Amino acid sequence: ELAQIGVTGLAVMGRNLARNIARHGYRVAVHNRSYGRTESLIADHGDEGTFIASKETADFVASIERPRKIIVMVKAGAATDAVIEDLLPHLDEGDIIIDAGNAHFPDTIRREHDLAQKGIHFVGMGVSGGEEGALNGPSIMPGGAKESYTTLGPILEDISAKVDGVPCATYVGPDGAGHFVKMVHNGIEYADMQLIAEAYDLLRQGLGLEAPAIGDIFAQWNSGDLESFLIEITAEVLGHTDAKTGRPFVDIVLDQAEQKGTGRWTVQNALDLGVPITGIAEATFARALSGSVPQRVAAQAALPANAGQWDISDRDAFIEDVRRALYASKVVAYSQGFDQIAAASAEHDWNIDRGAMARIWRGGCIIRAKFLNRITEAYERQPELPLLLADEYFAKVVGDGLESWRRIVALAASNGVPVPAFSSSLSYYDGVRANRLPANLIQAQRDFFGAHTYHRTDAPGVYHTEWSGDRSETQES
Ligand code: NBP
């Protein structure tokens with residue numbers, strides 16, 4: 001009997017995805033460039049379901065029923081193009097190639113357009129949840145031609161994570177939409193992690209608490225509005241003791257954060273679109289700052305703090321302030337990420353349903369969180385919601401936490417604790433809600449040095465002032 005679906009690329013992610021599919025009762029064809037990985041999958045897990053292993057690409061393709069569905073799970077970039085080239089001569093019109101790697105979405109747009117010319121459907125599919133998710137149920141964000149989802153969708157929904165019985169997989173939109181949404185997911189993940197790290201730092205410096213005590217606070221927070229995978233693992237990590245030294249594990253970890261690039265892609269794209277995603281950008285830059293060793297060494301030697309001393313009389317009130325500041329900043333980061341999705345969706349005609357994205361992020365992925373239900377509800381109330389932050393629910397919870405948020409950012413500033421994500425989120429909040437911003441002055445300056453023109457508040461039209469002449473105003477045609 002032919003396989004119902006194939007997986008090529010059997011490193012940790014592909015292997016686990018193939019096992020997940022087989023465990024759900026599907027016949028899975030498996031293939032890898034070097035046959036060793038295929039053999040070891042069959043040797044270690046061949047009894048978990050029906051695997052059809054092939055050494056050669058031609059045999060692999062021939063072992064799958066038509067229209068063929070072939071998941072490619074290899075290193076993103078040149079490897080993906082190499083695998084597509086390798087598959088192509090063996091494929092027929094209507095076959096579907098699914099790229100489940102972490103491709104950059106412009107590559108996905110290019111591949112989809114090239115393959116569409118050849119009658120092959122190309123599905124760029126974001127998969128989140130790491131090794132664990134791939135095996136036990138990831139969050140799945142497939143893009144590409146909608147018709148490919150008719151045959152592919154049921155399998156993806158089967159193998160995805162479920163929350164309240166609802167699959168964490170849905171069709172996202174044409175060509176690069178799936179990989180785009182996965183990219184923004186990762187950007188939001190950067191912001192979430194940075195915000196948690198800032199909260200940890202405030203509790204550490206403000207209250208002088210040791211890591212395990214802070215872990216207990218996070219564990220408590222995990223039973224409220226903040227309930228999420230990242231808060232849960234933070235509590236666990238903070239409670240962990242280093243076996244070598246007997247000290248809290250986080251205390252012996254070097255404070256230089258690394259990155260693989262999805263945060264950078266998200267920020268680069270936001271700059272192209274002109275969408276302020278300050279939370280994600282600050283989180284990405286905070287990682288860069290932590291790794292700027294020569295600058296940090298120079299600064300530590302030269303720069304005074306001139307900061308106040310922490311003196312917190314009401315410990316519980318401070319903890320609650322930090323919690324509320326964290327939640328409010330988190331809402332801002334998500335609101336900004338969803339703005340970016342909306343802008344890209346409009347730019348590329350993707351027609352992405354933002355509420356559905358929040359729904360499929362509730363399980364399986366790294367940013368899975370209870371509060372994503374609230375986001376889905378907000379977009380159900382108003383599908384074209386212009387600003388998530390301004391939704392009635394979020395406006396209320398953020399408003400309720402506003403005093404706490406302002407206190408925390410002010411305290412951090414006066415005591416010399418860096419909170420780039422907390423403070424930039426608060427500035428964004430105040431900026432976006434401001435009745436009048438100082439952008440009037442920017443426009444006047446631009447007109448002064450570059451004759452860039454301006455609009456008036458009291459009349460329509462485009463104006464320029466003769467700054468180097470008699471300062472008379474002319475209306476441009
Ligand atoms: P890797 O990213 O380490 O890639 C290894 C696989 O790529 C192997 O199967 C390897 O074959 C194959 N490969 C390479 Br490298 N060059 C190739 C080529 N020119 N032709 C054919 N095959 C080639 O694997 P991974 O860590 O399992 O990740 C797979 C994908 O999933 C990546 O795109 C990654 O970014 C993504 N990922 C996602 C998550 C997540 O949470 N969603 C986590 C980790 C990874 P070989 O065995 O013959 O060398």
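The values are calculated or read from the model by the stated rules, or taken from the named source; none is laboratory data. Computed from a predicted model, the values in this text were never measured in an experiment. Cβ: placed from backbone, ideal geometry, glycine included. Neighbour counts: every protein chain shown. Calculation scope for accessible area: heavy atoms of the full protein, side chains included, ligands and nucleic acids excluded. Shrake-Rupley method; radii C 1.70, N 1.55, O 1.52, S 1.80 Å.
A Förster radius of 60 Å, combined with the Cβ-Cβ distance separating residue 151 from residue 223, puts the computed FRET efficiency at roughly 0.90.
Net charge dipole, the chain: roughly 420 debye, given to the nearest 20, about the Cα centre with Cβ charges of +1 for Lys and Arg and -1 for Asp and Glu.
Given a Förster distance of 22 angstrom, what is the FRET efficiency for residue 303 paired with residue 253, based on the Cβ-Cβ distance and rounded to 0.05?
About 0.35, to the nearest 0.05.
Spacing of the modelled spin labels on residue 453 and residue 62, each 7 Å from Cα toward Cβ, amounts to 6.7 nm.
For the chain, the solvent-accessible area with a 1.4 angstrom probe is 47 square angstrom per residue. As a ratio to 2.2 N^0.38 Å, the alpha-carbon radius of gyration computed for the stretch 143-200 takes the value 1.44. Placing +1 on each Lys and Arg Cβ and -1 on each Asp and Glu Cβ, with no other charges, gives the stretch 1-152 a dipole about its Cα centre of roughly 180 debye.
A simple spin-label model places the labels of residue 381 and residue 470 5.6 nm from each other, with each point 7 Å out along Cα-to-Cβ. In order along the stretch 213-218, the phi-based Karplus estimate (6.51 cos²θ - 1.76 cosθ + 1.60, θ = phi - 60°) of 3J(HN,Hα) comes to 5, 5, x, 5, 5, 4 Hz; Gly and Pro are listed as x.
Among 362-369, 99-106, 294-301, 463-470, what's the highest-first ranking by average C-beta atoms within 10 angstrom per residue?
My ranking of the peptides, most packed first, is 362-369, 99-106, 463-470, 294-301.
Counting only protein heavy atoms and using a 1.4 Å probe, the accessible area of residue 183 comes to about 10 Å². Principal-axis analysis of the Cα atoms of the chain puts helix 315-348 at an angle of about 60° to the longest axis. Summing charges over all other residues whose Cβ lies under 12 Å from the Cβ of residue 401, with Lys and Arg as +1 and Asp and Glu as -1, gives +1.
Is the C-alpha gyration tensor of the stretch 1-90 telling us rounded, prolate or oblate? Criteria: a/c under 1.5 is rounded; beyond that, a/b larger than b/c is prolate, otherwise oblate. It comes out oblate by the Cα gyration axes.
Overall, the accessible surface of the stretch 192-330 at a probe of 1.4 angstrom is composed of carbon and sulfur to the extent of 52 percent. Label-to-label distance for residue 313 and residue 12 is 5.1 nm, based on points extended 7 Å past Cα in the beta-carbon direction.
Using R0 = 56 Å, the C-beta based FRET efficiency linking residue 432 and residue 92 works out to 0.65.
Estimated at the nearest 10 Å², the accessible area of residue 17 is 0 Å² with a 1.4 Å probe.
Assign one of three labels to the stretch 306-449, namely rounded, prolate or oblate, based on the Cα gyration tensor with a ≥ b ≥ c the square roots of its eigenvalues; rounded applies when a/c is under 1.5, prolate when it is not and a/b is larger than b/c, and oblate otherwise.
Here the stretch 306-449 falls in the oblate category.
For the peptides 329-335, 444-450, the ranking by mean Cβ contacts within 10 Å, running from highest to lowest, is 329-335, 444-450. Note on the chain: dipole from Cβ charges, positive end direction compared against 171, 280, 303; the farthest Cα belongs to 303.
To the nearest 20 debye, what is the magnitude of the charge dipole of the stretch 378-471 about its Cα centre, counting +1 on the Cβ of each Lys and Arg and -1 on the Cβ of each Asp and Glu?
240 debye
Considering helices alone, the calculated mean residue ellipticity of the chain at 222 nm is -17500 deg cm²/dmol, with DSSP H runs of length four and up weighted by -39500 (n - 2.57) and normalised per residue. Going by a ≥ b ≥ c, the root eigenvalues of the Cα gyration tensor, does the stretch 150-241 fall in the rounded group (a/c under 1.5), the prolate group (a/b larger than b/c) or the oblate group? Taking the square roots of the gyration eigenvalues as a ≥ b ≥ c, the stretch 150-241 is prolate. Within the chain, all pairs of alpha-carbon atoms sorted by distance into 10 Å bins from zero give the percentages 4, 18, 25, 22, 17, 10, 4, 1, 0. For the peptides 1-13, 198-210, the ranking by mean Cβ contacts within 10 Å, running from highest to lowest, is 1-13, 198-210. The DSSP beta bridges internal to the chain are antiparallel in roughly 35% of cases. State the answer as a single residue: which of 412, 393, 443 lies farthest towards the positive end of the charge dipole of the stretch 376-477, with beta carbon charges of +1 for Lys and Arg and -1 for Asp and Glu, about the Cα centre. Selected residue: 412.
Note on the chain: Lys pairs 8 or more places apart or on different chains, Cα atoms under 15 Å apart, count 6. Stretching the chain fully between residue 164 and residue 414 yields a gain of 85.5 nm (0.36 nm per residue, less the alpha carbon separation).
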